[in-house]
Amino acid sequence: MADKVFNLEAALAYDRDHIWHPYTSMIAPDPVYPVVSANGVMLKLADGRELIDGMSSWWAAIHGYNHPRLNEAAIEQLGKMAHVMFGGLTHPAAIGLVERLLAICPRGLDKVFFCDSGSVSVEVALKMALQYWQAQGETEKHRFIALSGGYHGDTFGAMSVCDPVTGMHHLFRSVLPKHFFAPRPGCRFDQTWNPCDVEGLEKLFQEHAGDCAALILEPVVQGAGGMWFYHPDYLKAARDLCDRYDVLLIADEIATGFGRTGRLFACGHAGIAPDILCVGKALTGGYLSLAATLCTADIAETISHGEAGCFMHGPTFMGNPLACTIAAASIDLLLASDWQSRIGRIESGLKEGLAPCSDLPGVTDVRVLGAIGVVEMAAPVRIAAVQKLLMERGVWLRPFGRLIYTMPPYLINDAELGHLAGEIFAVIEQLAKIGI
Ligand code: PMP
């Protein structure tokens, strides 16, 4: 195999024969493109092409690639230790990161559980909610309320609270626990708030709150379930329902955290704080897989008073020092930057650049919030074909479903942003002409 690595075609054939890629067929796969390096906002392909990255590696690379400060933090930590078990040991990397997280996260959150990925942090959040009620003898509170259009990850617990249709519940019906789904919030982020929007959710609380440990939602932006931006007052109403009906609120900010929507956390748009918060993705600036589940002191203490005497979870790579060090450096970098005006600039640039798409045939909606731009099409997008057209124009995106969307690294400059939005327009225009 060593030889094949140097032979591009053979390496690609080997990849096709042996390596799973996300949501990709093993018998009729869409192409994958070899990347040899990445720097700033650019990805460099093996054939020499350079592409503007409009995806931030799925929300994660907020500072772009190969950032000197993050590299330096990684190298410094490597000289000390890459990893050490967290059971019975601790280290400055984890402590330093927790100090930073607690300083910026929504108020009231006080305890941090480190996880290896976003999906695991959702599993941890669900288990925390269950153990919290169990510890108080409320064993009947073992179900969850979630939102249609939501996405929370690919492990079993996370899948069970994803939208039943886009989350493909029918494939796993026999093993997935059944939870309750409220209609997708209908009132858009910038519309006048319509209190009727929350009626479906309220009905679920009226009927099932006694059986439910928590409501889980992605605040303001539903990501992989449809890139939908809903009204912050929905979130306020949800917080209020949780308080009135004794149900915990879990905010999944794995995609929205660390500034993406224009607030450090999307909960900030509504001025609310959850009881449990999941963060991941941009936590390490996209360098390594690390996530965290934060909760209130009350939840942590109640769980610790329960039958088990502790929270029943403990991943091998919990609190990995290398990932924690990079995450701390990434938060420092973010806070030291003028991130709010950067996001504001990206928002204006995307609004201006994508607005003309509304007039193109096949486009049903264009929406922008913070550093996220979405063009919704009437029909499913042929991903491989559209990706190829975009790449010919120097842009990297990965559309899904009916959505062509972008969330670029925050350091993208005006010219790059103009190019990105302009090429999205040009490709959609081209699609109409060639009938793709
Ligand atoms: N929750 C949300 C809102 C996400 O966007 C994702 C990742 N797409 C996850 C959870 C799962 O995270 P991971 O892929 O790191 O397991």
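Remarks
- Here r is the Cβ-Cβ distance between K44 and R173 and R0 is 45 Å; the resulting FRET efficiency, rounded to 0.05, is 0.55.
- Cross-link partners of K111 among aspartates and glutamates (Cα-Cα below 13 Å; sequence separation of 8 or more within a chain): E99, D275, D298, E301
- Translational diffusion of the chain, estimated by Stokes-Einstein from the Kirkwood radius over alpha carbon pairs at 37 °C in a medium of 0.692 mPa s, is 145 µm² per second.
- Dipole orientation for the chain: of the candidates G314, A421, W59, A421 has the Cα lying most toward the positive pole (charges on Cβ; Lys, Arg +1; Asp, Glu -1).
- For L248, the residues 5 or more places off, or on other chains, whose built amide H falls under 5 Å of its own are A214, L215.
- Filter on K141/K178; K127/K178; K44/K351; K388/K433 - keep pairs with C-alpha separation over 20 Å: K44/K351
- Karplus-derived HN-Hα couplings along segment 199-210 (A = 6.51, B = -1.76, C = 1.60, θ = phi - 60°), whole Hz, x at Gly and Pro: 4, x, 5, 4, 4, 4, 5, 4, 8, 10, 3, x
- Probe 1.4 Å, all protein chains present, accessible-area order of Y33, Y405, largest first: Y33, Y405
- Among residues other than L171 with Cβ under 14 Å from its Cβ, the summed charge is -1 (Lys and Arg +1, Asp and Glu -1).
- Surface analysis of segment 215-306 yields an accessible area of 23 Å² per residue, using protein heavy atoms and a 1.4 Å probe.
- Element breakdown for segment 94-200 at a 1.4 angstrom probe: carbon and sulfur atoms account for 56% of the accessible area.
- Of all accessible heavy-atom area on segment 257-342, the percent that carbon and sulfur account for (1.4 Å): 52
- Relative contact order [Cα under 8 Å, 6+ residues apart], segment 225-304, whole percent: 25
- Each DSSP beta bridge with both residues in the chain is either parallel or antiparallel, and the antiparallel ones are about 65%.
- Near D240, once Lys and Arg are set to +1 and Asp and Glu to -1 for all other residues with Cβ below 12 Å from its Cβ, the sum equals 0.
- Relative contact order for segment 171-239, counting Cα pairs under 8 Å that sit 6 or more residues apart, in percent: 38
- Base-10 log of normalised Debye intensity for segment 239-390 (one unit scatterer per alpha-carbon) at q = 0.09, 0.20 Å⁻¹: -0.45, -1.27
- Segment K433..D365, full-extension length gain: 22.6 nm, with 0.36 nm per residue of separation and the alpha-carbon distance subtracted.
- On segment 343-400, 54 percent of the accessible area sits on carbon and sulfur atoms, based on a 1.4 Å probe.
- Under 12 Å, Cβ to Cβ, from T139 - net charge with Lys/Arg +1 and Asp/Glu -1: -2
- Rg/Rh, computed from the Cα trace of segment 1-80 with Rh as the Kirkwood radius, has the value 1.04.
- Solvent-accessible surface of protein heavy atoms, probed at 1.4 angstrom with all chains present, puts D233, D154 in the order D154, D233, largest first.
- When only alpha carbons are used to place a centre, segment 176-204 and segment 255-299 end up 22 Å from one another.
The values are calculated or read from the model by the stated rules, or taken from the named source; none is laboratory data. Since we're looking at a predicted model, the values are computed, not measured. All Cβ positions, even for glycine, are placed from backbone atoms using ideal geometry, and neighbour counts span all protein chains on display. Each accessible area value is taken on the protein alone, full model and side chains, heavy atoms only, with ligands, DNA and RNA left out. Shrake-Rupley method; radii C 1.70, N 1.55, O 1.52, S 1.80 Å.
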